[in-house]
Amino acid sequence: MPGVAGAILTKKPYPPQEARITIGAVSVFTAHTSHLTPSGHTHRWRPPTDVTETETHVVVTVEIAGMEDAEFHITLQGRQLAVSGIRERRSGIRAFHQMEISYGEFATEVKLPSLVESEGVDANYADGFLTVRLPKQLRHIPIIEID
């Protein structure tokens with residue numbers, strides 16, 4: 001993880017029951033606790049986030065341009081999905097005349113509308129959007145015939 005002046009992230013040790021799924025360069029952690037703790041940085045910003053649903057998946061889309069796959073931290077804990085990371089400001093800037101784009105540490109956390117399977121999670125980053133597809137948990141409702 002690249003270092004950023006003024007923003008420090010520390011990782012907690014991963015408990016043994018935690019699973020780490022790597023999809024390309026994006027890692028998805030299924031955990032009982034979040035693996036990131038802010039330290040020495042008081043301002044986090046939240047990128048725009050959509051949660052949609054198809055027949056088979058819950059889809060979380062985060063609008064976050066200017067990142068690389070490996071710069072995202074995705075944690076799935078039950079029905080909570082958290083996405084965090086650091087978007088670095090370009091170097092060489094001498095003066096700011098207008099500042100509307102957020103940089104530094106970001107985080108978004110959403111409650112998923114249904115239970116999902118941790119296996120089969122797919123994350124893709126393209127054109128400034130991180131898309132996380134989570135397969136819905138299939139529930140088998142027993143059919144009971146009553147005579």
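Values computed for the structure shown
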{"quantity": "Potential extension, Ala107-Arg44 segment - 0.36 nm per residue separation minus Cα distance", "calculated": "22.0 nm"}
{"quantity": "Estimated FRET transfer efficiency (Ala126, Phe96; beta-carbon r; R0 22 Å; 0.05)", "calculated": "0.15"}
{"quantity": "Spin-label model distance (nm) - Thr54 vs Glu88, 7 Å beyond Cα toward Cβ", "calculated": "3.4"}
{"quantity": "Residues Thr52, Thr131, sorted so that the one with the fewest Cβ neighbours within 10 Å comes first", "calculated": "Thr52, Thr131"}
{"quantity": "Over segment 45-147, equivalent-ellipsoid semi-axes from the Cα gyration tensor in Å", "calculated": "38, 11, 10"}
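Throughout, read-outs are computed from the coordinates displayed, never taken from laboratory work. Keep in mind that what you see is a predicted model, and the values were worked out from it rather than measured. Here Cβ is always computed from backbone atoms with ideal geometry, including for glycine, and neighbour counts include all displayed protein chains.
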